[in-house]
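Below you'll find the structure, written out as structure tokens, and then a few comments.
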Amino acid sequence: MLTEERHAFILRMLKQDGIVKSQDLMKRIGCSESTIRRDLGQLENEGKLKRIHGGANRTYQLDEELTASEKSFKNIQEKESIGKLAASLIEVNDVIFMDAGTTTLALTPYLKDKNITVVTNGIQHASALAEQQVQVYLIGGMIKHSTKAIIGSDSLNTLHNYRFNKAFLGMNGIDASFGCTTPDPEEAALKKMAHQQAAATFVLADHSKWDKVSFAKVFDMEEISIVTDYIESNMQHYKEETTILEVKQ
């Protein structure tokens, strides 16, 4: 196996498992310990992994959170397609939770004339739904300036008393090892509460959120389903972890 092929194999295993062992790599690739040691050293120098005793870990960078206005200009068409597919999952008389975020906001145009009840912590979401004559409840709490999300203990207490057929949540990072994450622990707590109160939870995430890790974990991938626009061929292992609904290209 050529050097480039070995490196690609090592990185693919790291992406899937989060950690690789030198002995396992020697058996699977069919090369010597010195070759694996050299490969891991080179990949570490390139910032693609971190060597540990007997193998290597993935490296990752915690993404910074963008403001709502900054997010609104990213992957607009993809978010619209995801919103349309997510709307097809909603049935008559459903009570749903929709959290604040630009991807979940893309769901709102497709809820007009649906006989449903929506609970949200997104100010923009509540306004858009009210204009469409959708029955909507905006939970109380503190307004987070950057994302216009309502968060805090009051919002958690309110959600604790509600039950939902479905929850639709945005997410900043999806990773096979670290699960679903978001930068703000208070938003993570609210997302987790909504998930716990729902019969089914759907994470709406475009392709830019995959293989990303943020500060606060919300839940593991196997607990939810994911609506997305695209899964690359080298990411098929994600389908072993959770149900993935892909927009038809």
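The values are calculated or read from the model by the stated rules, or taken from the named source; none is laboratory data. Keep in mind that what you see is a predicted model, and the values were worked out from it rather than measured. FYI the Cβ positions are ideal-geometry reconstructions off the backbone, even for glycines, and counts take in every protein chain you see.
When you go through Asn121, Asn93 one by one, which is the residue that is within 20 Å of the chain's Cα centre (by Cα), modelled with pLDDT of 95 or more and farther than 24 Å from Val247 by Cβ?
Matching residue, one of Asn121, Asn93: Asn121.
What number goes with the only condition from (1) more than 24 Å from Val213 (Cβ to Cβ); (2) in contact with a Cys (Cβ under 9 Å, 6 or more places away or on another chain) that Leu169 does not pass?
Unmet condition: (1).
Could you list all residues from region 214-245 that are buried (at least 20 other Cβ atoms within 10 Å of the Cβ), under 26 Å from Leu156 (Cα atoms) and in contact (Cβ under 8 Å) with a residue 60 or more places away in the chain?
Ser214, Val227
Somewhere in region 217-230, is a residue assigned by TED's automatic domain parsing to the domain that holds Ala106, modelled with pLDDT under 90 and either out of contact with any helix residue (DSSP H, G or I) (no Cβ under 8 Å at 6 or more places or on another chain) or of a type in the set (Lys, Arg) (or both)?
No, region 217-230 contains no residue that is assigned by TED's automatic domain parsing to the domain that holds Ala106, modelled with pLDDT under 90 and either out of contact with any helix residue (DSSP H, G or I) (no Cβ under 8 Å at 6 or more places or on another chain) or of a type in the set (Lys, Arg) (or both).
Just one of (1) under 19 Å from Ala167 (Cα atoms); (2) touching a helix residue (DSSP H, G or I) at 6+ places or on another chain (Cβ under 7 Å); (3) crowded, with 18+ Cβ neighbours inside 10 Å trips up Trp210, so point out which.
(1)
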